[in-house]
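The block underneath contains the structure these notes are about, expressed in structure tokens.
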Amino acid sequence: MGLKKILDNMKPTFSEGGKLSAFGSLFDAAETFFYVPNETAKVRGAHIHDAIDSKRSIFFVIIALIPAILFGMYNIGYQHNIAVGVPTDDICGQFLYGLGVMLPKIIVSYAVGLGIECAFAQWKKEEVHEGFFVTGMLIPMIVPVNCPLWIIAIATAFAVIFAKEVFGGTGMNIFNPALVTRAFLFFAYPAMMSGDKVWVNENYMDCINGTIDGYSCATPLGQLGAGEPVTYDAMDTIIGTIPGSIGETSFIAIMIGAVILIWAGIASWKIIVSTFVGGALLAYLLPYAGAENFEWWEQLTVGGFAFGAVFMATDPVTAARTECGKYIYGFLIGAMAIIIRVLNPGFPEGMMLAILLMNVFAPLIDYCFVQSNINKRAKRAAK
Amino acid sequence: MSLFSKENGEVFKSPLNLNNPVAVQVLGICSALAVTSQLKPAIVMGLSVTVITAFANVIISLLRKTIPNRIRIIVQLVVVAALVTIVSNILKAYVYDVSVQLSVYVGLIITNCILMGRLEAFAMQNGPWESFLDGVGNGLGYAFVLVVVGFFRELLGFGSILGFQIIPDSFYMENGGLYLNNGMMTMPAMALILVACFIWAHRSINKEK
Amino acid sequence: MAKLNTNSNVYTIVYASVMVIIVAFLLAFVASSLKATQDANVARDVKGQILSSVNLRGEADVDAKYAEVITENADGTFTANINGEEKLIVPLKGAGLWGPIWGYISVNKDGETVYGAFFNHEGETAGLGARIVEEWFQTGFNGKKIFKDNEVALGVYKAGKAPSGLSADYVVDAVTGATLTSDGVRNMIQKSIAQYADAIAAFKGGESKSCCGKGQCEMADSCATDSCANCASCDKANCASNEDCASCEKCASEKECGSCCESDNTNK
């Protein structure tokens, strides 16, 4: 137990009044990272409803994200190789290329986000919360490959401060911080977030100039939005070998993550299922007029729909909490996403806006169900 | 009472800081969002509101003993509406490009809560000189917030200040640099966040008061 | 003197009436005395936009320059005189993504080549569609061709997305990421110019008496009938390419082609 001893010895230095008390929150974060804290909730007043604390549940989310991350890295290299006109079977090389592109984004996102979280925690004399571990991993996964690092840094800072800290930090936020990051990018730097040239790393001019036959750098949704025929078949969209935000392309990898999350009881299957039901229903009712080579159910496999449904909509802080409310919440997210995609010419993708919108309405949904329960019971009691 | 007595100084100074109409009373937010995407319309709007508040205050203060109580709000509105129409006409005649940018928001000064608030709360009870100071102070307090917000929105959203390019062209991505203007700064939503930041900073500085 | 009862009905009504009359007179005076200046401002704004379309941007004295350069035509177009050369300015109106877009485009005397263009919009997306007001986009039209086979072929296209067979002379690069606004600009140009096609044809045929002018052959007396017949076929794509030129006997080389009939006339 050498480590434990070292930590215990260091503790007084970081405690209130110690020499390094300014970094107390950082020390606390490191200590609880290795060991379950020895202070437990008091017997009275606290209502523990789960065996695992937020730190452990957050690592399950990270584990569930791993398939999508790994596939995203491979896909970066794969798309890059096609774009420069030398498709290879070198999976390892493509993966390493993608790793090289992805890693700086992850580092920037974590460094900026955790830096701000620590600063706020220290300022307010609170512990550092773990919530950002998931957010910091989601951010690099929902941006286009070509997004410059400084822009990611600004957007992360914006989201952590204005979507999270001003509301009181982890667990108090109204909006999903990772989606706020993306929304900020989307509105502040639209040229970096949409169009044809942001989805493939470097040398994108090759595919834009048409030097490679039959290859477009546009995403399937981009092509639909522009009224062009979709050049990817359904299998591509399910496996994920299409241009898109880094983590969102592979339906299979996301579904593996979904299974892990549902099995571990962290994400609500009700939200995931009802989101897909809502999306499927609307996609069936509102088909693209004259879109070639595109089935209605592919709406669910392209773009950020699956990723949003599994990893964003299920965020326990911003989702509806009542069990019945979760069905409504998920259904409306799915429906809204497809409505935005199909009916609004300005936005080829609608998942981000749909989830953010429903984040706003989640408390209202909860309120309605809680009230109706209260009324029911009041009636029963009155009898 | 002398013209520059301590009380009168207070009447003028307090809305600039501790009783700022935007930062403390959170009035006039609508126009603060709409006209601050660039610095020039923000300045013009701030000055217009200052002029209108000051003169409306003076006029109402002069009339305050004659105004029939039952229609006093209507009287105030008519005075404000007349002043706003005059200012709007003058802007259209002499600074046309700014008046195009301000568009309907000049007309909407009529509905600016700061104005009605000052008329009802101050000018109806005080003499013309105090009312004038109060109007100028509140107008300038409003203008100050607009200018701060407009400064940041134009700098970050367009890379310029008052139309002069501040960020060199070679920094921009299309010219081989790394920088991009922040498009969100040109949208009203960002003005709301900047006003919030202003209030945040203002409260942090004046915590104990 | 007894103190006035400011709460009486009579007082209230009289007060209100007097106040309204005073204010009405005041406002009427201000509005009428400033009206001339205001109208001049509105007119000057439009004039500035028109001047921009002939590449005279940011003129210090818009009114003077406008009076010097532009003459208004009865059909809604404008004629500009730039250093002795006449340009026809055609107004454009169309729909962008979120609201109306408009502009002016000026055409050279050949009725074919764009001299300059200006666009403006009401509320396109900042950083994307809103960039059509920027000079680099507008100057991208300079020197482009308009008509191909008597149709307006000039258009804004995403790089690599122009219809195949359309030469680069007809294609202007779209604003990156602003597909829908760019499509709007293309539709606006094609529809509005088509409306004024006759005006452009007349402008072209009018003074130069070139028998190459579309539909002008029979009317231009100075043209010999037989050479006209040849030229007419040559004119199809305004002799843009060598193939078309080959069918025109008088045009030995690509260079001469554009003015084959004029040189023909002078030779005679």
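Observations on the model:
- Summed side-chain charge close to A:Ala320 - residues other than A:Ala320 whose Cβ falls under 14 Å, Lys, Arg +1, Asp, Glu -1: 0
- FRET efficiency, 1/(1 + (r/R0)^6) with R0 56 Å, evaluated for A:Asn146 and A:Asn9 via beta carbons: 0.75
- Column: log10 I(q)/I(0), Debye, Cα scatterers of the range A:55-372, q = 0.07, 0.10 Å⁻¹: -0.26, -0.53
- For the range C:1-84, the dipole from Cβ point charges (+1 on Lys and Arg, -1 on Asp and Glu) about the Cα centre works out to 520 debye, to the nearest 20.
- In degrees, nearest ten, helix B:128-158 long axis to first principal axis of chain B (Cα): 10
- Helix B:72-94 and the longest principal axis of the Cα set of chain B meet at an angle near 40°.
- Note on the range B:117-209: with charges restricted to the Cβ of Lys and Arg (+1) and Asp and Glu (-1), its dipole about the Cα centre is near 260 debye.
- Expressed in Å, the radius of gyration and Dmax of the Cα atoms of the range B:27-127 are 13.9, 42.
- As a proxy for reagent exposure, A:Glu31, B:Glu154, B:Glu10 were ordered by neighbouring Cβ count within 10 angstrom, fewest first; the result is B:Glu10, A:Glu31, B:Glu154.
- Taking every alpha-carbon pair in the range C:1-113 and binning the separations at 10 Å intervals from zero gives 11, 28, 19, 13, 10, 9, 7, 3, 0 percent.
- Local electrostatic count, A:Pro345, Cβ distance below 13 Å [Lys/Arg +1, Asp/Glu -1]: -2
- Percent breakdown of C-alpha pair distances by 10 Å bin, ordered from the shortest bin, for the range B:94-133: 27, 32, 27, 13
- Binning the alpha carbon pair distances of the range B:19-205 at 10 angstrom intervals from zero yields the distribution 10, 33, 31, 17, 6, 2, 0, expressed in whole percent.
- Cα-Cα pairs of the range C:62-202 separated by more than 22 Å (percent): 36
- Using a Förster distance of 30 Å, the FRET efficiency for A:Asn344-A:Met255 (Cβ separation, nearest 0.05): 0.60
- Placing pseudo-labels 7 Å out from each Cα toward the beta carbon at A:Thr88 and A:Tyr367 gives an inter-label distance of 5.8 nm.
- Beyond 25 Å in Cα-Cα separation lie the following of the pairs B:Lys40/B:Lys92; C:Lys87/C:Lys148; C:Lys148/C:Lys204; C:Lys65/C:Lys191: C:Lys65/C:Lys191.
- For B:Leu39, neighbours were defined as the other residues whose beta-carbon sits under 9 Å from its Cβ, and their charges (Lys and Arg +1, Asp and Glu -1) total +1.
- Taking the number of Cβ atoms within 10 Å of each Cβ as an exposure proxy, the fewest-first ranking of C:Val10, B:Val35, A:Val128, B:Val58 is C:Val10, B:Val58, A:Val128, B:Val35.
- When A:Val145, B:Val95, B:Val104 are arranged by Cβ crowding within 10 Å, least crowded first, meaning fewest neighbours, the order is B:Val104, B:Val95, A:Val145.
- Dipole axis of the range C:62-202 (+1 Lys, Arg; -1 Asp, Glu on Cβ), positive-most option in C:Phe137, C:Ser164, C:Gly99: C:Ser164
- Inter-site label distance for B:Ile74 and C:Ala28 at 7 Å from Cα along Cβ, in nm: 2.1
Quick note: the coordinates plus some simple rules give every number you see, no bench work behind them. In this text, all values refer to a predicted model and were calculated from it rather than measured experimentally. Positions of Cβ are generated from backbone atoms using ideal geometry, with glycine treated the same way; all protein chains shown enter the neighbour counts.
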